[in-house]
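To start, the structure itself, in structure tokens.
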Amino acid sequence: MSQSTLRPATTPAQSRTGGVLLVLGSAIVWSFGGTLARFLDITDGWTIVFWRSTFAALFLAGFMLVRDGAGNMARLFREMGWPGIAVGCCFAIASTSFILALAYTTVANIVLIQAGVPLIAALIGWLLFRERISTTTWAAIAAVIAGVVVMVSDSIGGGVSPVGDALALLIAFAFASATVITRRYAHVRMAPAACFGTIVAGTIAATQASGFAVTTIDLAILVAFGALNFGLGLALFVTGARLIPSALAALLGTLETVLAPLWVAAIHGEIPRTNTIVGGLIVLAALLVYLTVELLREQIRPVR
């Protein structure tokens, strides 16, 4: 009798539970990104981007090598094609903008603006491909726009630097564009595309950084920031998201949006401004309603 015969079969319920735990794990891991960044004494954001991208690329390459083997890993990179390259470039823009934005605004402002990604993706899909948008989704999009306006009102009024809010919006649009491309080209695998994105981000950062020398403590933080926070978080997500409905994965991902401001407030004393809290609550409420409706639709949709 072979080992495969003796191995207990994985039921759909077990797969779903495993997927939920993996995606929750990714949200928790990602939520520490801003907190780790605040520990760094490096003043040049491009230096941080270079080292974070380098360690993330090494981790993701190792992850795919173990999971898929060298031959399959090379095949995945070849098969991702132009859609994968486009998704990777979106990841490069988003990850770079995240680091640069931290110098100008709070972690809460960045992650709360990012929370609207699923709805921004729906809007981009409608504008470019005339994908149908329900009345509920339109209402949620309007609420997200209103929430973002509230959050960025301080920069519009000159109260804070507009650079941070502009970069946070760029992150959201980059992730939303990656979402639309992945949906249109379902064969695109996120792991090789993300690994390619880290290589692109690291290469660009290498041309812009004022230097690469960092202290031993900063290097240790950068290893955790790149390999664990970015790389491990993505590995958990891509493994778990394939086992559960997309709306449920996005809904579970909102845990990062809730936890990230809490960690940085508790550890570094970084308290978000009132407008950030009010606008963020509007965005989160709209997102939760939208994702809950989408999840219910996925559950009652007939199997073809």
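The values are calculated or read from the model by the stated rules, or taken from the named source; none is laboratory data. Small disclaimer: the values here were computed from a predicted structure and weren't measured. Cβ atoms come from the backbone with ideal geometry, glycine included; neighbour counts cover every protein chain shown. Note: areas computed on protein heavy atoms with side chains; ligands, DNA, RNA excluded. Shrake-Rupley method; radii C 1.70, N 1.55, O 1.52, S 1.80 Å.
Just a few scattered comments:
- Taking the numbered list (1) at pLDDT 70 or above; (2) closer than 30 Å to GLN299 by Cα in turn, PRO8 passes all entries but (1).
- Output for the stretch 11-36, where each listed residue is assigned to a loop (DSSP other than H, G, I, E, B), open to solvent by 20 Å² or more (accessible area, probe 1.4 Å) and in contact with a helix residue (DSSP H, G or I) (Cβ under 8 Å, 6 or more places away or on another chain): PHE32
- Residue check for VAL152: touching a Pro at 6+ places or on another chain (Cβ under 8 Å) and in a loop (DSSP other than H, G, I, E, B): no
- Of the helices (runs of 4 or more DSSP H) lying entirely inside the stretch 191-304, those carrying at least 1 residues that are modelled with pLDDT under 95 and surrounded by fewer than 22 Cβ atoms within 10 Å (Cβ to Cβ) are 233-240, 246-268, 274-300.
- Filter result for THR182 (assigned to a helix (DSSP H, G or I), of a type in the set (Ser, Thr, Tyr) and open to solvent by 10 Å² or more (accessible area, probe 1.4 Å)): yes
- Candidates in the stretch 100-149 are the residues that are part of a loop (DSSP other than H, G, I, E, B) and among the polar types (S, T, N, Q); of these, the one that is surrounded by the fewest Cβ atoms within 10 Å (Cβ to Cβ) is SER134.
- Only a single criterion out of (1) over 30 Å from HIS268 (Cβ atoms); (2) under 19 Å from the mean Cα position of the chain (by Cα) is not satisfied by SER53, namely (1).
- Residues located in the stretch 37-57, provided they are out of contact with any Leu (no Cβ under 7 Å at 6 or more places or on another chain) and open to solvent by 40 Å² or more (accessible area, probe 1.4 Å): ARG38, PHE39, ASP41, THR43, TRP46, PHE50, THR54
- Residue under evaluation ILE93, criteria (1) open to solvent by less than 30 Å² (accessible area, probe 1.4 Å); (2) part of a helix (DSSP H, G or I); (3) within 24 Å of ALA227 (Cα to Cα), criterion not met: (1)
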